Amino acid sequence: MKNRLTTQKYILWTLVLSIAIGLFACKTDSGPKYIPPAKPKIAKAIVPKFNKDSAYHYIQKQVDFGFRVPGTPEHKACADWLEQKLRSYTSDVMVQTATLTGKDNKQYPMYNIIASFEPQQKKRILLCAHWDSRAIADKDNKRTAEPIVGANDGGSGVGVLIEIARQLSLKPANVGVDIVLFDVEDQGIDNVEHSYALGSQYWSKNPHKPNYTANYGILLDMVGASGATFLKELYSMEAAPQVVNKVWKVAQSLGYESYFPNVRGGAIADDHFYVNRDAKIPTVDIIHYTQETGFGDFHHTHKDNMDLISKGTLYVVGNTVMTLIYSENPPL
Ligand SMILES: [Zn+2]
């Protein structure tokens, strides 16, 4: 009996000692401190987990095709892949084609790729991004006449949206979602009005379905750089202030205020401008922009490659949009 008691005491003391050592070890750990994100106010249980590795992989995949410059074989190969990929997540996919004339008088074959989820739902959210990459690196100081791979400018928004498509196929949302990948966004001439966003200009006047509309829209553009900030862009604030506030509020409730600050940005004539003006769908632009560096030193340069892409930023944007989608019942 005495022996047994001693053994029990021994075990007990060993346990106490181990815990104490454990605690001590934790306290003296000099590694970076883990700061848990603020608790989301929206029921997290209903929101599937956005997979940042998948999103990253989908960006890599686009970049691996090479330059997605309209009219090139690489561009067409990527269009085919995007269509097939989306078809693996929904049977409701269509490709809108046209030949567009740019302000540079060049002809651009256009492929707007559209994937719909829950077509029976009246309430719909439009999610969009452009998928072409720029034919010139005009803001670089070397090889300015060569195209850029556009990992962030083009690739990132599409990567996030394909991952959202995958999630929607696994767990349908209580709202309809239409993903539109716009083509020929990035072949414009700086300071020439309406020279950018040709694919969205076309779609906004000729939607893929007659009388198509959505309750609101979100455009993702350059959403993958590490340390990105997304300001409340001016056209978004003018045309869809309630949507801006809704998106930023959700992001902030998830602890992402450093990415989505309550700071107003300038006016950016991105795809959403035409979706607002011509398709009359209140649409906001989540676009990388800082007051110090504007679009960032990578913009329209050869720096816009995979080295720039942060899985953390992809997760912040993906989780924000997913939280919005899966919380969309009751309505806005
Ligand atoms: Zn661009």
With Rg from the Cα atoms and Rh as the Kirkwood inverse mean 1/r over Cα pairs, segment 228-332 has an Rg/Rh of 0.97
What aspartates and glutamates sit close enough to LYS142 to cross-link, taking a C-alpha to C-alpha distance under 16 Å and skipping anything fewer than 8 places away on the same chain? ASP297, ASP304
Short version: ³J(HN,Hα) in whole Hz for each residue of segment 71-88, in order, from phi by Karplus 6.51 cos²θ - 1.76 cosθ + 1.60 (θ = phi - 60°), x for Gly and Pro, what are they? x, 9, x, 5, 4, 5, 4, 5, 4, 4, 5, 4, 4, 5, 4, 5, 4, 6
Dipole magnitude of the chain, debye to nearest 20 (Cβ charges: Lys/Arg +1, Asp/Glu -1, about Cα centre): 1980
Taking the Cα centre of segment 164-273 as the origin, how large is its charge dipole in debye, to the nearest 20, when only Lys and Arg (+1) and Asp and Glu (-1) carry charge on their Cβ atoms? 620
Once GLN291 and ASN174 are pulled to full extension, the length gained, defined as 0.36 nm per residue separation minus their Cα-Cα distance, is 38.4 nm
Under 5 Å from the placed amide H of HIS288, counting only residues 5+ away or on other chains, we find ASP221
In Å and whole numbers, how far do the C-alpha atoms of the chain stretch along each principal axis, longest first? 96, 50, 37
Order by protection proxy (mean Cβ within 10 Å, highest first), peptides 212-222, 190-200: 212-222, 190-200
1/(1 + (r/R0)^6) with r = Cβ-Cβ of LYS249 and ALA269, R0 = 22 Å, i.e. FRET efficiency to nearest 0.05, evaluates to 0.30
ASP278 and GLU257 label points (each 7 Å along its Cα→Cβ direction) are spaced in nm at 4.0
Output ³J(HN,Hα) for segment 154-166: one whole-Hz value per residue in order, computed from phi by the Karplus curve 6.51 cos²θ - 1.76 cosθ + 1.60 with θ = phi - 60°, and x for Gly and Pro. x, x, 5, x, 5, x, 5, 6, 5, 5, 5, 4, 4
By counting other Cβ atoms within 10 Å of each Cβ, how are CYS78, CYS128 ranked from fewest to most? CYS78, CYS128
Per-pair calculated FRET efficiency, R0 = 25 Å: ASP307 and GLU193 via Cβ, rounded to 0.05: 0.15
Put +1 on the Cβ of every Lys and Arg and -1 on every Asp and Glu Cβ in segment 41-326; which of SER226, THR320, HIS302 then has its Cα farthest towards the positive end of the dipole? THR320
In what sequence do LEU161, LEU308 fall when counting other Cβ within 10 Å, fewest first? LEU308, LEU161
Among the GluC sites (Glu not before Pro) in segment 205-291, which ones are in a DSSP loop with at most 15 other Cβ atoms within 10 Å of the Cβ? Mind listing them? GLU257
Check each of the trypsin sites (Lys or Arg not before Pro) in segment 45-98 and keep only those in coil by DSSP with at most 16 other C-beta atoms within 10 angstrom; list them in order. LYS49
What list of ³J(HN,Hα) couplings, whole Hz, do you get for segment 212-221 from phi and the Karplus terms 6.51, -1.76, 1.60, once you set θ to phi - 60° and write x for glycine and proline? 4, 8, 9, 5, 7, x, 10, 9, 10, 9
Reduced Cα scattering model of segment 81-151, Debye log10 I(q)/I(0), q = 0.22, 0.25 Å⁻¹: -1.07, -1.19
Cross-link pairs LYS85/LYS311; LYS205/LYS249; LYS49/LYS303; LYS52/LYS122; LYS205/LYS246 - those with Cα-Cα distance over 23 Å: LYS205/LYS249; LYS49/LYS303; LYS52/LYS122; LYS205/LYS246
Rounded to whole angstrom, the alpha-carbon centroid of segment 271-332 lies from that of segment 188-252 at a distance of 8
Most to least packed among 132-141, 260-269 [average Cβ atoms within 10 Å]: 132-141, 260-269
With each label point set 7 Å from Cα along the Cα-Cβ vector, what nm distance links ASN51 and LYS106? 3.6
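Rule-based calculations on the coordinates, nothing more; no lab input. Here the structure is a predicted model, which means the values were calculated and not measured. Methodologically, a virtual Cβ is constructed for each residue, glycine included, from the backbone with ideal geometry; neighbour enumeration extends over all protein chains shown.
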